[in-house]
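Reviewing the structure listed below.
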């Protein structure tokens, strides 16, 4: 196909503060699909102002709302991003070139992760920042799992070359924001653990604290980022043990 249609898909929950900036950079796409999950701010009006196709609802499971966005898109290719991510004009041009020429079914895009305005290149773990993401794919190539936080991804077909230009991911505004996100993520993970009857034991999760910290701070060179690298490794280390303690000590 010489000029395939490209849909951008987003899922948002009260993202009025940053949604417009994200959507403004997606003019190179042929379609915008925005899932509004229990939004009570101005997210709906902002998305509508950009001509997005709107899907409104209440989604308990993250994977369900992401799958709803994918299902609503009509493009031959989909670009899946979040409101805290930015697609530069250079990346937009590379994405258009890729979908015009690719014989693959999906591609990864590298990610530059920021805390505030500081670019942090080293130390990220899967729970708090990603080095690359399978965000560009044909409509039938990707499906999300049913976990509340960090749902599993099923990818079908051939993987293509990773794109060269990174997208910008504004992970947190600062340390307090990092702590609030850790609290949200561990609460959601605890619900998944309780509902699925999973109890990995305190001892195992304590061991994971040390292995995850080492992996982020040493293996992924978080030490190069000074105190920020230490904080990121600490958050990654606390995630499994806090999830376990919330699942076993709290009622829900």
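Distance from the alpha carbon centroid of segment 41-61 to that of segment 212-252 works out to 33 angstrom.
For segment 175-249, take the alpha-carbon Rg, divide it by the Kirkwood Rh, and send me Rg/Rh.
On the way: Rg = 13.0 Å, Rh = 12.7 Å.
The Rg/Rh ratio comes out at 1.02.
Each Cα pair under 8 Å and six or more residues apart adds its sequence gap; the mean of these over the residue count of segment 1-154 is a relative contact order of 27 percent.
Once you have the Kirkwood Rh of segment 1-118 from its Cα pairs, apply Stokes-Einstein at 10 °C and 1.306 mPa s and quote D in µm²/s. Walk me through the intermediate numbers first.
Details: Rh = 14.8 Å.
The Stokes-Einstein estimate is 107 µm²/s.
Stretched out straight at 0.36 nm per residue, the stretch from residue 162 to residue 121 would grow longer than its current Cα-Cα span by 13.0 nm.
By the count of neighbouring beta-carbon atoms within 10 Å, fewest first, 210, 28 end up ordered 210, 28. Stokes-Einstein diffusion of the chain at 37 °C, 0.692 mPa s viscosity, Kirkwood radius from Cα pairs, rounded to a whole number: 171 µm²/s.
Throughout, read-outs are computed from the coordinates displayed, never taken from laboratory work. Please read all numbers here as calculations on a predicted model, not as lab measurements. Reconstructed Cβ throughout: ideal geometry from the backbone, glycine too, with neighbour counts over all protein chains shown.
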